[in-house]
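K.L.:
Pasting a structure here, questions to come.
The values are calculated or read from the model by the stated rules, or taken from the named source; none is laboratory data. Nothing here was measured: the structure is a model prediction, and the numbers come from that model. Don't worry about glycine lacking a Cβ; one is built from the backbone with ideal geometry, like all the others, and counts go over all protein chains shown.
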Amino acid sequence: MYDIVASPTFKLCLDRLVHFLTIKHSAKLALETKQTIKRAILQNLTDNPHIAPVSDRLIDLGIKRYRQFQVDKHNVVFYSLDEKNKKIVLLAVMDNRQSIQKLLSEVMILY
């Protein structure tokens, strides 16, 4: 079994997603989405971290070592594996209708 580690960038992305959903839809939907993402990560990745493919979206940007886990219809989590220490490092989460380039540039500015 792998341990889950949420990076500061992942936490920032999750906060931004929750904020967006709260404004666009409702606080209830935002909370439900956050819980769905957490539950999906724990139920699917801890025992089988290789379940998700290497991210095509990120390969197009020249980043080849991160995996992309589709949580549900709209949300995707990017993560890397630390095989030596048996850790899953959560890197980012986003609505898959977002531009990955825009998200990465916004997060880097805020960081």
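Residue-by-condition table, conditions (1) at pLDDT 90 or above; (2) exposed (fewer than 11 other Cβ atoms within 10 Å of the Cβ); (3) of a type in the set (Asp, Glu); (4) within 14 Å of the chain's Cα centre (by Cα):
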| residue | (1), (2), (3), (4) |
| --- | --- |
| 7 | yes, no, no, yes |
| 65 | no, yes, no, no |
| 71 | yes, no, no, yes |
| 85 | yes, yes, no, no |
| 95 | no, no, yes, yes |
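K.L.:
Considering only region 45-97, state which residues are part of a loop (DSSP other than H, G, I, E, B) and of a type in the set (A, V, I, L, M).
P.N.:
If the condition is that a residue be part of a loop (DSSP other than H, G, I, E, B) and of a type in the set (A, V, I, L, M), then 45, 51, 52, 61, 63, 71 are the ones that fit.
K.L.:
If you don't mind, there's one more thing I want to ask. With the condition kept exactly as written, say whether any residue in region 16-29 is in a loop (DSSP other than H, G, I, E, B), under 13 Å from the mean Cα position of the chain (by Cα) and either of a type outside the set (Asp, Glu) or modelled with pLDDT of 90 or more (or both).
P.N.:
No, there is no match, as no residue in region 16-29 is in a loop (DSSP other than H, G, I, E, B), under 13 Å from the mean Cα position of the chain (by Cα) and either of a type outside the set (Asp, Glu) or modelled with pLDDT of 90 or more (or both).
K.L.:
Moving on to the next point. Which residues, counting only those in region 18-53, are in contact with a helix residue (DSSP H, G or I) (Cβ under 8 Å, 6 or more places away or on another chain), surrounded by 13 or more Cβ atoms within 10 Å (Cβ to Cβ) and free of Cβ contacts under 8 Å to residues at least 40 places away in the same chain?
P.N.:
Passing the criteria: 18, 21, 22, 29, 30, 31, 34.
K.L.:
What's the number of the condition residue 54 fails, among (1) under 18 Å from residue 11 (Cβ atoms); (2) at pLDDT below 85?
P.N.:
(1)
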